[in-house]
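For reference, the structure discussed in these notes is given below.
The values are calculated or read from the model by the stated rules, or taken from the named source; none is laboratory data. A quick note: this is a predicted structure, and the numbers were derived from the prediction, not measured. Because the Cβ atoms are built from the backbone with ideal geometry, glycine has one as well, and the counts that use them run over all protein chains shown.
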Amino acid sequence: MTGIHLRHLIFTGPAIEPSGLEFQDGLNIVFGASNTGKSFASLALLFMIGAIKALPETDEVVGYDAVWLGIELSDGSKVTLYRPTRGGHFKLYEGLVNAESQIKGKTLRGQHESRRTDTVSHFLLEAIGLAGKQVVRDGNGKKDILSIRLLSPYAVVSEEDIIAKRSPVLSSGSPTERTFEQNLFKLILTGIDDASVVTVPKPTERKVAKAAKLELIDEWIEQLTNELGPEAPTESEIEEKLDRLDKSAAGLLDQLQGAQNELDDLVGKRRAALDKRLELNVRADELGITLDRFSKLQSVYASDLQRLQSIEEGGFVLVAMAGMACPVCGAPAEAQQHNRATAEIEMAHKAAAAEANKIEREQRELSQTMTSLAAEAQGLQRQVTRLKKDIEDFDGNIENARPKEVSARKSYEAYSEAQDEAQKILALYERLTKLNARREKIASQPTKREGDGLTVGPDSTTAFKFGDTVKNVLKAWKFPDAEKVQFDPVANDITIGGKARAANGKGVRAILHAAFNVSVIVYCIENDLPHPGFLVLDTPLLTYREPMKFPKYGELSEDEIALKSTSLAEHFYRHLASLSDQVQFVVIENSDPPEQVQSLARIETFTGLDGNGRFGLLERSV
């Protein structure tokens, strides 16, 4: 299954019984009396696929407020489109329904918009396989995105269109739509759209664009001219000035770099001297702290020596008096009882002497170290004094060098300003030259279309193959002179032995128009191309009318009388029924279908008589 198939068209209202049509796969026939709603049904289908915005205003539709179109998609899923009879947006429901109840539907916009996907047009075209296809509208390559409204003449053929003298391809009858309709026909027969076509502006658009560009460039030229001013030097004078400036630039730059290098060198040396002086001062401070600490240590050594010398002298006296009478009591030495005290005193005397010698040695070493550190401190002071003198000299030299650097910099900046100003003026002249050249180029561009135009419609090979399909369809219908049938790609219509379709009577024009539409479907099936999947034909067998019953069509012409005498109607229906597994047909007719084919179709009859079967599509208002 390709495209979509119709399942039901139901009208509902708050105080009226639902009414409508059911459809089956293959052939469906709706026939009956005039003014019973047959043609209204085809318009209702156009309304429900978004091809028209409003339903015809009739007394019968007043009691209904909603229309439900059940359809089956190519993947086998079934959905229902809902739309108020007053028009507007749609709702999409899953499944085949004809009442909202508790079902939640998805809103689809009724108006086609190329950039939106939430429209009924996009939904149906996507199901068909033609969503987003682009079709060239004019010779300049302007393109439209295909909509279901534009495709609808290949799905629903109204009674008015089927008998019209205009080409079935050029269904609108508008000259401005001719290119689009031919290219749409090409898309259907080839499956290839015009997305690759390059769009160019129309001659009138090119004229307007050219004038706008020239006006804009003239404004830019005027702006640059005003910016230069009336007393601006000429371009050649500016170039000469730049040459002179370039020649003097090298010497000025050398002077500036020399002065800057000299100043940088002096500043660097001064910074090095300051850093060195700071380093020496830090070392001198450390030496001062160390010498102060060593002086305090010398005092400790001196105090310790005095204490040890006292111990040594006391011990010496005690040892010397050890064999003598006690100076206090006069007792002789042999009468004294503390002989071991003498040995101990002698040992303490020796220890004190040894400790004193050690301290004296350390005191001498400390004195030597302090002498060395003091000498180093004096040397540092002399270096700091020299550095101070060097820094003062650097300061003086920097002060002498700074004016030279400032003078050289000012000279170079003055050169730079003069060069920048000259280059700015030269840049204005260059822009002015480019704008004038661009203006000349735009002014010389043609506004008329040049070269060959776009090829419109299908190529001759495709048109010839399609003509064979039309011939085969009419052969299947047993149409007289079917062998002489051709498709004229210039007239975009069927001819019979060179006779245009439009030159025939209404009934013959209708059957040939129907043959065109059926051939499009058959051609798409044979070439595996997308197509709507259903075709509604309103009154294709008009030639079988009874003039007395349908006076609005007039008397039968000679060619209609000849066609009416054939069995074309039976073969027409049999052929459509033979395509049941691939496409769905809905034929709306005034005449009864031949008895031989009634078993091949679902038939709905509108009698137009109260109390005699179904009156029409909708209940008549009382």
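Numbers at a glance
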{"quantity": "Close pairs from segment 511-533: first in the same structural domain as Thr566 (by TED's automatic domain parsing), partner charged (D, E, K, R), Cβ under 7 Å, at least 6 apart", "calculated": "Leu512/Arg501"}
{"quantity": "Of residues in segment 475-488 being out of contact with any strand residue (DSSP E or B) (no Cβ under 7 Å at 6 or more places or on another chain) and crowded, with 22+ Cβ neighbours inside 10 Å, the one farthest from Tyr523 (Cα to Cα)", "calculated": "Phe479"}
{"quantity": "Neighbours by Cβ (under 8 Å, 6+ apart or cross-chain): first from segment 285-299, assigned by TED's automatic domain parsing to the domain that holds Glu360 and surrounded by 13 or more Cβ atoms within 10 Å (Cβ to Cβ); second acidic (Asp, Glu) and part of a helix (DSSP H, G or I)", "calculated": "Leu287/Glu376"}
{"quantity": "Condition met for Leu55 (in the same structural domain as Tyr573 (by TED's automatic domain parsing) and modelled with pLDDT of 95 or more)", "calculated": "no"}
{"quantity": "Single residue of segment 554-566 satisfying the filter (over 60 Å from the mean Cα position of the chain (by Cα) and closer than 14 Å to Ser591 by Cβ) that is surrounded by the fewest Cβ atoms within 10 Å (Cβ to Cβ)", "calculated": "Lys564"}
{"quantity": "Some residue of segment 460-474 being modelled with pLDDT under 95, surrounded by fewer than 20 Cβ atoms within 10 Å (Cβ to Cβ) and not in a helix (DSSP H, G or I)", "calculated": "no"}
{"quantity": "Yes/no for Gly497 being surrounded by fewer than 23 Cβ atoms within 10 Å (Cβ to Cβ) and either polar (S, T, N, Q) or more than 42 Å from the chain's Cα centre (by Cα) (or both)", "calculated": "yes"}
{"quantity": "Some residue of segment 343-357 being in contact with a Gly (Cβ under 8 Å, 6 or more places away or on another chain), surrounded by fewer than 16 Cβ atoms within 10 Å (Cβ to Cβ) and acidic (Asp, Glu)", "calculated": "yes"}
{"quantity": "Filter pass, Ala503 being more than 48 Å from the chain's Cα centre (by Cα), modelled with pLDDT under 95, assigned by TED's automatic domain parsing to the domain that holds Ala127 and under 30 Å from Phe615 (Cβ atoms)", "calculated": "no"}
{"quantity": "Matching strands (runs of 3 or more DSSP E) fully within segment 59-127 where at least 1 residues are aromatic (Phe, Trp, Tyr)", "calculated": "66-72, 78-84, 90-94"}
{"quantity": "In segment 172-184, the residues that are over 30 Å from Phe31 (Cβ atoms) and either loosely packed, with under 15 Cβ neighbours inside 10 Å or not assigned by TED's automatic domain parsing to the domain that holds Val508 (or both)", "calculated": "Ser174, Pro175, Thr176"}
{"quantity": "Filter result for Leu380 (surrounded by 12 or more Cβ atoms within 10 Å (Cβ to Cβ) and either modelled with pLDDT of 85 or more or of a type in the set (Lys, Arg) (or both))", "calculated": "yes"}
{"quantity": "Val30 assigned to a helix (DSSP H, G or I), of a type in the set (A, V, I, L, M, F, W, C) and over 28 Å from His122 (Cβ atoms)", "calculated": "no"}
{"quantity": "The listed residue being among the aromatic types (Phe, Trp, Tyr), in contact with a Gly (Cβ under 7 Å, 6 or more places away or on another chain), within 28 Å of Asp459 (Cβ to Cβ) and at pLDDT 85 or above, out of Phe180, Phe185", "calculated": "Phe185"}
{"quantity": "Unique residue being under 50 Å from the mean Cα position of the chain (by Cα), part of a helix (DSSP H, G or I) and surrounded by 14 or more Cβ atoms within 10 Å (Cβ to Cβ) when the list is Ala427, Ala437, Ala514", "calculated": "Ala514"}
{"quantity": "Residue, nearest to Asp264 (Cα to Cα), within segment 396-418, restricted to residues that are surrounded by 13 or more Cβ atoms within 10 Å (Cβ to Cβ) and out of contact with any helix residue (DSSP H, G or I) (no Cβ under 7 Å at 6 or more places or on another chain)", "calculated": "Ser407"}
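Every residue, every condition in (1) touching a helix residue (DSSP H, G or I) at 6+ places or on another chain (Cβ under 8 Å); (2) without any contact (Cβ under 8 Å) to a residue 12 or more places away in the chain; (3) within 30 Å of Asp194 (Cβ to Cβ); (4) among the aliphatic types (A, V, I, L, M), yes or no:
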site	(1), (2), (3), (4)
Thr462	yes, no, yes, no
Val470	yes, no, yes, yes
Val473	yes, no, yes, yes
Lys478	yes, no, no, no
Glu483	yes, no, no, no
Asp488	no, no, yes, no
Ala491	no, no, yes, yes
Thr495	yes, yes, yes, no
Lys499	no, yes, no, no
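Okay, residues lined up against (1) loosely packed, with under 15 Cβ neighbours inside 10 Å; (2) over 27 Å from Pro446 (Cβ atoms); (3) aromatic (Phe, Trp, Tyr):
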{"position": "Lys142", "(1), (2), (3)": "no, no, no"}
{"position": "Ile148", "(1), (2), (3)": "no, yes, no"}
{"position": "Leu151", "(1), (2), (3)": "no, yes, no"}
{"position": "Glu159", "(1), (2), (3)": "no, yes, no"}
{"position": "Lys165", "(1), (2), (3)": "yes, yes, no"}
{"position": "Leu170", "(1), (2), (3)": "no, yes, no"}
{"position": "Lys186", "(1), (2), (3)": "no, yes, no"}
{"position": "Glu215", "(1), (2), (3)": "yes, no, no"}
